[in-house]
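Below you'll find the structure, written out as structure tokens, and then a few comments.
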Amino acid sequence: MSLGDPHERSATAGEYVLGTLGASERAEFERALGEDAALQAEVYAWQDRLLGLAGRAAPAEPSAGLWPAIEARLLSGPATSAETPTRAAAVPAANDPAWRRLRRWQWTSGLAIAASLVLATLLVLRAPAPADAPRYLAVLQAPGSNTTGWVVEATAGGQLRLVPVGTTEAVPPGKALQFWTKAEGAAGPTSLGLVRAGQVTELPVATLPTLEARQLFELTLEPETGSPIGRPTGPILFVGRSVRL
């Protein structure tokens, strides 16, 4: 963990908010957090981002034993006085009691989104990118079930990556997955080509008609050579809108 590197710093703050840091990394991060107002602001920014995405998920009541089981795993092992700083207490991690009271963390679908964001954090924030280039993330979910299947991450002036997460159904014989995008207000979607199930797809952002917040990305099921009419003809399998990081 190197908090001197801006990309690593932001990525680590995101993992801290999600509660995915190991015990020693979290203790080290919290020691820095107590002395660094800019790092505290980074944590607050990640809290805002993640709460907004979790708000899309359908409510689900966790079982009575879920939190104790999670806490037992995250907090296993005795903490020394050096591992329990007090000055960072105003900036809680996602697994602290203050966040547990926020009902906007809707657990069943929210955890799937969080897992996708951990992956996207590593892909977007720890990859080389032009200085100050806007970065975007879209979590693509199956309509109806809210199952997360893919993550889109893109950097203005750089690359777009479509990354599979979780397990998705096999594509039927004679069919293919086609990738589409549509900015708000655009007359129609633009095809970004065919993609293979379970494989990462990369393409230059320059090939997109635009890249902006709330841009629609979706995967549809089409004939094996792609849509014959230049717009989606089959069912939407996964869909989501981009957010600027």
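Tabulated values for the structure
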read-out: Cβ pairs under 9 Å, 6+ apart, first in region 186-197 and under 20 Å from Arg214 (Cβ atoms), second of a type in the set (Asp, Glu) and open to solvent by less than 50 Å² (accessible area, probe 1.4 Å); value: Pro189/Glu218
read-out: Among residues of region 152-211, those that are of a type in the set (D, E, K, R), modelled with pLDDT of 90 or more and open to solvent by 50 Å² or more (accessible area, probe 1.4 Å), counted; value: 5
read-out: Contacts under 8 angstrom Cβ, first residue in region 226-242 being touching a residue at least 40 places away in the same chain (Cβ under 8 Å) and closer than 15 Å to Pro172 by Cα, partner in a strand (DSSP E or B) and open to solvent by 70 Å² or more (accessible area, probe 1.4 Å), 6 or more apart; value: Gly226/Leu194; Gly234/Lys175
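The values are calculated or read from the model by the stated rules, or taken from the named source; none is laboratory data. What you are looking at is a predicted structure, and each value in this text was computed from that prediction instead of being measured. When we count neighbours, we look across all protein chains shown, and the Cβ atoms used for this are built from the backbone with ideal geometry, even at glycine. Quick note on the areas: whole protein, heavy atoms, side chains included, nothing else; ligands and nucleic acids left out. Shrake-Rupley method; radii C 1.70, N 1.55, O 1.52, S 1.80 Å.
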